[in-house]
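Colleague: Here it is, the structure in full.
The values are calculated or read from the model by the stated rules, or taken from the named source; none is laboratory data. All figures in this text were calculated on a predicted structure; none of them were measured in a lab. Every residue, glycine as well, gets a Cβ built from its backbone with ideal geometry; the counts of neighbours run over all protein chains shown.
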Amino acid sequence: MCDVIVTIAREYGSGGRLIGRELARDLGISFYDKEIIALASKECGLHEDFIQTMEQKNASGFFYNLYMHNRELPIPEQVFLTQSNVIKALAGKGPCVIIGRCADYVLADVKNCIRVFIYAPIETRVRTARDEYHEGEGDIEGYIRKQDKGRASYYNFFTQQKWGRAQNYHLCVDSSIGMAASVRVIKNYVLEFSGAEGSPA
């Protein structure tokens, strides 16, 4: 087992969640995705579906002001802070793969954390959204771009960094090479890091 934490940020339809799950299985380490929502829900008392909606929202706008009464922070900020605490707690339990939720930023000070970004050409993502995510008929490409915009807005707001900027990650992978190949690329990086004396810069 490798003593690392791997965070995976990804474009919608790039297959990042599927790649992360297979990577965790190959490495024999824990995998966290929706589990973070469930744990955050228990901690803050908000419904899981509502938390999932908030994951792509920032703390501005009239919609959020509706929830401001009797609370010290806007709901999106509460969700972000709660999920950040959950992510830190899970990372503290041992090696794992964590999907999304600004985990790369949240764990930036963790020495054994490898930050990965997965992307792919739009045609590959349309195919994945249709075949793997079972998105319905309609403007799938438009839906993909909307999802990416939401992820970028959320990430940029809470981290003050740019989502998808190569310098924010140790490794960026074009998943159009295939899921198995993408897993191998990341796994090889993890194994090289694990065998090195230092940690990624």
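Colleague: Using beta carbons and a limit of 8 Å, which pairs, at least six apart or on different chains, have the first residue in the stretch 163-180 and touching a residue at least 40 places away in the same chain (Cβ under 8 Å) and the second one charged (D, E, K, R) and part of a loop (DSSP other than H, G, I, E, B)?
Modeller: Note: pairs meeting the criteria are GLY164/GLU11; ASN168/LYS162.
Yes or no, residue by residue, for (1) in contact with a strand residue (DSSP E or B) (Cβ under 9 Å, 6 or more places away or on another chain); (2) closer than 21 Å to ARG115 by Cβ:
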residue	(1), (2)
ASP131	no, no
ALA152	no, yes
PHE157	no, yes
GLY164	yes, yes
TYR169	yes, yes
SER182	yes, yes
LEU191	no, yes
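Residues checked against (1) basic (Lys, Arg); (2) in contact with a Ser or Thr (Cβ under 8 Å, 6 or more places away or on another chain); (3) surrounded by 15 or more Cβ atoms within 10 Å (Cβ to Cβ):
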| site | (1), (2), (3) |
| --- | --- |
| VAL86 | no, no, yes |
| ASP104 | no, yes, yes |
| LEU107 | no, yes, yes |
| ASN112 | no, yes, yes |
| PRO121 | no, yes, no |
| THR124 | no, yes, yes |
| GLU135 | no, no, yes |
| ASP139 | no, no, no |
| GLY142 | no, no, no |
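Colleague: Does at least one position in the stretch 13-22 carry a residue that is touching a residue at least 12 places away in the same chain (Cβ under 8 Å) and over 19 Å from ASP148 (Cα atoms)?
Modeller: yes
Colleague: Of the residues ASN156, ASN188, ASN168, only one is out of contact with any Pro (no Cβ under 9 Å at 6 or more places or on another chain), of a type in the set (S, T, N, Q) and exposed (fewer than 14 other Cβ atoms within 10 Å of the Cβ); which?
Modeller: Within the list ASN156, ASN188, ASN168, the selection yields ASN188.
Colleague: Now a separate question. Go through (1) under 13 Å from the mean Cα position of the chain (by Cα); (2) over 14 Å from LEU18 (Cα atoms); (3) not polar (S, T, N, Q) for VAL97 and report which single condition fails.
Modeller: Status for VAL97: all satisfied but (2).
Colleague: Moving on. Can ILE5 be described as within 30 Å of ASP139 (Cα to Cα), crowded, with 23+ Cβ neighbours inside 10 Å and modelled with pLDDT of 95 or more?
Modeller: When the stated conditions are applied, ILE5 does not pass them.
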